[in-house]
Structure formats: C-alpha cells, structure tokens
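Notes follow once the structure below has been shown.
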Amino acid sequence: MHTVQLLPWIDRLFAVRALRPDVLMGVAVATGPGSFTGLRTGIAAAKGIAMGLDVPLIGVPTLLYTAWPHRHRGLPIRAVLAVGRNRLAVAAYTPDPTDGLTLNWLRNTAPDGAAEAGDLLYCGEIDGELRRLLVEAGVARLPDPGVVPRDPSVLAAIALERLSRGTTDNAAALQAEYLETSSAQGR
C-alpha cells in the first residue's frame, strides 16, 4: 500500500506547502530497524529523490530519533521498537558531551529481556506487557502512555544538524538497518 502511495503523498505535501523540489537542501530517511518492506520502500524513494535532485542524503537510525528528545535528561536511555513476532529492538544510549547520544549496544530481544533495573529512561514503543515488566524490574522512568514514540520533526532536526556539519551519506551505499536475532544479541 505505501509503495503505491508514498510518492503521491510527497507530491501532495509539496503542493499543500506550495514548495518546489529544487528548494530541498537534502533528504532525510529513517534507516531502521523497522519493517522490511517499509524500510526498503522509504530508503529507495529517498535515494531516488536525493540522486534525482542532486542533494545530500542523510540516514537516521530509527532508535536514535526515538531517544533523541530525551538526551538532556542526564540519564542512560533505552529506546524500544516493536519488530514483530513478540520481539523488540532495544538500543542503549548515553548522552555525550557534544549534545548528542552515544550508542552502547543494540539488541533484538523478547520483552522480558528488555527490562533492566536501574536509573534508566525508557522511551519508544512501550506496550502494556513491557510496561508491566519494566515496573516489576524497578524502572520508574517511563513515558506517559499517550506520548508519540517517534516524531518526524526530530528525524528532520537530526538530519539538518548532520547536514550543517557536512556528514551526509552516500546515496548509493546507504542501507536499511535490520536486526537478526543471533547477530544483534551482543551489540
């Protein structure tokens, strides 16, 4: 469905905002983890637009932009994303001195493997089961149930900051980030 609708939605956005494609300074895209088809569709479209308009491409990991709004809280962050089949992608971040986040590890785990005790801030897709497990583990810093886990404006802000530093991605080489159960465990 999204494969058919993505480019018409982009055209509509440009029309509603009375924008021309030649005003783009770059193209930002979430690189995952996420759904196989969604990531491939989004990244392929972003590559095509960036290459067609000869503008930079900036890939942003999904869990990074999930954690980004919380980086000033001064706590280690666990960003969570449901990846299907009762599995979660969990990334551990720590705030760094440059006002960013440092990735410590990334795992594909069952919900009971995501719950860590300690003064940690959890964010992202936290459903009722995971919330229960986190409370049982003693995690007190959870987002309000109604908080949107990922805001596209955060992805755009991260991409704009990278663009201003000149750290863009090679459109031909950018790939989706997938998590295999066995290979992602120790990362």
- Simple Cβ-charge dipole of the range 63-137, Lys/Arg +1 and Asp/Glu -1, about Cα centre, in debye nearest 20: 140
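Scan the chain and hand back the longest stretch that contains none of the GluC sites (Glu not before Pro) lying in DSSP loops with at most 16 other Cβ atoms within 10 Å.
Working: sites that count: 116, 125, 180.
It works out to 1-115.
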- Query: Residue farthest toward the positive end of the dipole of the chain, with Cβ of Lys/Arg at +1 and Asp/Glu at -1: which of 79, 60, 28?
  - Reply: 28
- Item | Dipole of the chain [Lys/Arg +1, Asp/Glu -1 at C-beta], most positive-end residue of 8, 46, 171 | 8
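Note down the magnitude of the dipole of the chain about its Cα centre, charges +1 on Lys and Arg C-beta and -1 on Asp and Glu C-beta and zero elsewhere, to the nearest 20 debye. Don't skip to the end; give the middle numbers.
Working: 18 positive and 18 negative charges, 41 e Å.
Value, rounded to 20: 200 debye.
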- Residues with amide H under 5 Å from that of residue 124, placed H, sequence gap 5 or more: 80
- Query: What percent of all Cα-Cα pairs in the range 63-137 falls in each 10 Å bin, counting up from 0?
  - Reply: 21, 55, 22, 2
- So if R0 is 35 Å, what FRET efficiency would residue 119 and residue 161 give, r being the distance between their Cβ atoms, rounded to the nearest 0.05? 0.80
- When DSSP assigns beta bridges and you keep just the ones with both residues in the chain, what percent turn out antiparallel, to the nearest 5? 65
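None of the figures in this text is laboratory data; all of them are computed from the coordinates on show. The model shown is predicted, which means the values in this text are computed figures rather than measured ones. Counting neighbours? That spans all protein chains shown, and the Cβs are built from the backbone with ideal geometry, glycine included.
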